[in-house]
Amino acid sequence: MKQLLPVICLSLCALSGRAQLTWTIYNTGNSGIGNNFVYDIAQDAQGNKWFGVSFAGVRMFDGTTWTSYTTGNSGLPNNEVISVGIDGLGNKWFGTYGSGVAKFDGTNWTVYNTGNSGLVNNYVQHITHDALGNIWLATSGGVSVFNGTTWTNYTTGNSGLTDNEVTSITVDAQGNKWIGTSMGGMCKFDGATWTNYTYSNTNLSSLGITTTVIDAAGRKWFGTPGGGVTVYNDTTWTTYKTQNSGLLNNIVTAIGIEVSGTKWMATADGISKFNGTTWTNYTTGNSPLPSNNVEDVIIDAQGDKWFATLGGGVVRISGWPLSVDLLSFSGETQKSANTLRWQTAAEKGNAGFSIEKSSDGSRFETIGFVTAAAGEGEGARYSFTDQHPLPGKNCYRLKIQSRDGSADYSSILTLEGAVSAGGTARLYPSPARTSVTFATSETGAQLYIYDLTGRLQHQQTIGHEITEINVSSLPAGMYLYSYGDWSGSFVKE
């Protein structure tokens with residue numbers, strides 16, 4: 001038993017923050033965590049946190065004192081603990097890497113493995129329980145279910161399970177088991193019938209499932225090892241990836257859900273927070289996060305977020321960032337322009353919104369700014385018209401800028417560029433550094449770029465709707481351009 005030493009505790013306005021967030025880091029230098037590589041976290045009814053730690057067994061933290069359980073001082077069969085579960089009676093279950101599962105009732109230890117029980121495989125990756133008290137174990141050899149006396153196993157050989165490498169099991173409100181696999185997609189088991197979700201019958205972004213959580217509306221959120229997050233509402237499938245959202249990395253290892261419905265996602269590049277509209281990311285580069293390799297997340301009764309990291313120990317985030325509550329973000333294509341509209345609630349410390357646009361959903365440029373109009377703590381309705389939409393796809397997002405210099409991003413809105421009878425032409429960005437892009441619906445004419453004295457600086461035949469032009473050799477200053485009936489200006493930095 002080890003008394004907690006002073007921990008690293010930082011209070012700051014984080015990237016999304018409009019209020020103070022307190023970050024507390026627990027590592028081997030300031031706590032009893034035992035190893036900075038932490039796999040899993042669970043919380044018991046008393047609020048104690050239980051950690052599965054690499055080569056250090058199990059650590060329990062009651063908020064003040066750390067307690068260590070290893071092969072040397074307990075009945076734990078292996079110090080490589082990769083999963084932790086707590087059943088309805090308060091028993092703690094610890095899955096190990098190769099030595100089965102251990103049950104701890106607070107006094108006595110019981111070990112179940114393939115040699116002394118019906119456990120199907122000794123590599124236990126996830127543990128949960130159902131309303132009847134049955135323990136469900138995700139293993140590398142299938143699913144094992146233990147009712148306290150009898151073991152029942154489900155494998156590809158005797159059931160509808162699609163892959164014996166089982167990574168997660170989640171029980172929904174109807175008692176259905178949602179079983180994630182390493183390469184076989186998602187399986188739903190209602191106790192009698194298996195329903196399998198793979199590429200052939202769904203829009204799953206990956207056949208690998210790392211984690212499953214179910215929100216208050218019954219939507220299933222599937223984390224994947226490379227396909228981002230897929231959401232299923234029993235009818236439609238929605239996928240969030242780095243390519244179409246603010247998600248940090250497409251490797252998502254765990255998801256926690258706040259009472260408000262906000263999702264906190266553990267990824268291979270840090271933490272992504274999503275409130276349904278706005279994404280906020282925390283990394284080692286913009287926050288006190290000690291490691292970007294985040295393995296697990298839980299949210300306790302106080303709303304504090306606890307993250308297990310590989311290499312950085314455990315992170316606790318307290319407090320609530322008071323970011324702008326973006327209620328809606330929509331748009332419409334008009335004759336020769338795109339109009340964006342959005343509505344907010346509870347703005348605090350908001351400076352305004354930068355409107356960003358991209359042709360591919362990846363590389364964005366700023367095309368305008370709308371100053372915050374709401375009073376502190378209030379909401380407002382906003383609009384912005386893009387007078388020069390690109391031919392084809394236009395991807396828009398809002399950069400919600402705080403007066404403290406931090407920023408959030410909205411999700412991406414995609415509209416088609418409307419082309420009037422006379423066509424369109426536009427040169428951007430402005431200011432520019434090394435290159436500009438010229439977009440037009442009518443090709444074949446000459447583009448001319450002049451300085452303010454009228455001297456020709458560049459001439460080029462435009463043969464494509466999107467053309468990149470090198471302006472790195474131009475001195476800093478303002479320039480004029482003309483193309484057919486269109487003309488405009490831009491600034492070179």
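The values are calculated or read from the model by the stated rules, or taken from the named source; none is laboratory data. Values in this document were obtained by computation on a predicted structure and should not be read as measured data. Quick reminder, even Gly has a Cβ in these numbers, built from the backbone with ideal geometry, and neighbours come from all protein chains shown.
Whenever a residue of region 95-107 is part of a strand (DSSP E or B), its partners that are of a type in the set (D, E), lying with C-beta atoms within less than 8 angstrom and at least six residues away or across chains, give the pairs T96/E80; Y97/E80. Of the residues making up region 300-326, those that are at pLDDT below 95 and either under 15 Å from S54 (Cβ atoms) or of a type in the set (A, V, I, L, M, F, W, C) (or both) are A301, I317, W320, L322, V324, L326.
Here the condition is being small (G, A, S) and out of contact with any Gly (no Cβ under 9 Å at 6 or more places or on another chain); of G115, G98, it holds for G98 alone.
How about region 481-493: which of its residues are in contact (Cβ under 8 Å) with a residue 12 or more places away in the chain, closer than 17 Å to H388 by Cα and assigned to a strand (DSSP E or B)? Please lay out each step first, then the result.
Initially, region 481-493 is screened for residues in contact (Cβ under 8 Å) with a residue 12 or more places away in the chain, giving 481-486, 488-493.
In the following step, the residues that additionally are closer than 17 Å to H388 by Cα were identified as 481-486, 488-490.
Hits for region 481-493 are Y481, S482, Y483, W486, G488, S489, F490.
Of the set (1) part of a strand (DSSP E or B); (2) without any contact (Cβ under 8 Å) to a residue 12 or more places away in the chain; (3) not aliphatic (A, V, I, L, M), all apply to G72 but (1).
Would you check which residues across region 189-205 are under 24 Å from the mean Cα position of the chain (by Cα) and within 18 Å of S159 (Cα to Cα) and list them?
Answer for region 189-205, where residues must be under 24 Å from the mean Cα position of the chain (by Cα) and within 18 Å of S159 (Cα to Cα): Y197, T198.
The residues of region 466-480 that are closer than 13 Å to L427 by Cα and assigned to a loop (DSSP other than H, G, I, E, B) amount to a single one, V471.
With respect to the conditions (1) surrounded by fewer than 22 Cβ atoms within 10 Å (Cβ to Cβ); (2) closer than 19 Å to R397 by Cα; (3) in contact (Cβ under 8 Å) with a residue 24 or more places away in the chain; (4) not charged (D, E, K, R), S272 falls short on a single one, namely (1).
Hey, which of the strands (runs of 3 or more DSSP E) in region 379-465, taking only ones fully inside, have at least 3 residues that are among the polar types (S, T, N, Q) and either at pLDDT 80 or above or not assigned by TED's automatic domain parsing to the domain that holds N350 (or both)? Please lay out each step first, then the result.
Numbers: elements: 381-386, 392-402, 407-410, 413-417, 425-428, 435-440, 446-451, 456-461.
It comes to 392-402, 435-440, 456-461.
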